[in-house]
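The values are calculated or read from the model by the stated rules, or taken from the named source; none is laboratory data. These figures come from a predicted structure and were not determined experimentally. Positions of Cβ are backbone-derived with ideal geometry, glycine not excepted, and every protein chain shown enters the neighbour counts. Calculation scope for accessible area: heavy atoms of the full protein, side chains included, ligands and nucleic acids excluded. Shrake-Rupley method; radii C 1.70, N 1.55, O 1.52, S 1.80 Å.
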Amino acid sequence: MDLHNEFESSKFFHRDRIDRRAADALVGLAAGITADGAVNITEAVFLKQWLENNLAHLNDPVINLLYSRLACMLQDNALDKDESLELLNILRGFSGMGIERPKIGGTVVVAPTDLPFNSPAPDLVWDGRMFVFTGVMTFGPRKECQALVEERGGLIGGSVSKKVHYLVVGSVGNEQWRHSTYGTKIIKAVELREAGASIAIVGEDHWQRMLFG
């Protein structure tokens, strides 16, 4: 899902002038909040309140996605590192700035024309297998995705290593993954896989099919 394109084609963006002004304001807010490359708790709370005050009357799936993520993240009145990065990437998608990707050794790593998913995608074994997530998940907050794996006997890793069996790549921003840079987790997973490690790189859509299939 390319959130910027989804946003521009949403019902909200093409309503009357009042809502169009609100759409432009939201794009501006997203760009401003992400300009320094980070989102803090104060900015997240402000954005949630702004959405409630200005866009709560709309029934638009793109706006609902942003608001629901914010509400989940702020349930504990805190914003941890993973939530901050997820929110940064969502807002970058809204503003059209693209997904934030770390540099490797100070150099941006250019991606090839497709994501390095295992082909064919493997059946996922849950019990005792270690999963690592990267990117923004359409399904929901990363903590909820991790909990579903743990309920099935799987383990959650914080970084990619030889001990990891599956790296799951979130669907939101996949076009940015394809055309800009891979994140460090994907790069490391590809290196390990090419060296013979038993790690598989799968997309969120496959993860969801195996989860509920």
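Here are some notes:
- Each residue in segment 67-82 was checked for being more than 14 Å from residue 51 (Cβ to Cβ) and not in a helix (DSSP H, G or I), and 6 of them qualify.
- Residue pairs meeting the criteria (Cβ under 7 Å; at least 6 apart or on separate chains; first small (Gly, Ala, Ser), in segment 67-88; second in a loop (DSSP other than H, G, I, E, B) and open to solvent by less than 50 Å² (accessible area, probe 1.4 Å)): 84/38; 84/39
- Criterion applied to 144, 191, 151 was being surrounded by fewer than 17 Cβ atoms within 10 Å (Cβ to Cβ) and modelled with pLDDT of 95 or more, and the one residue passing it is 151.
- Subset tally (residues that are in a loop (DSSP other than H, G, I, E, B), open to solvent by 60 Å² or more (accessible area, probe 1.4 Å) and either modelled with pLDDT of 55 or more or out of contact with any strand residue (DSSP E or B) (no Cβ under 6 Å at 6 or more places or on another chain) (or both)) for segment 107-131: 10
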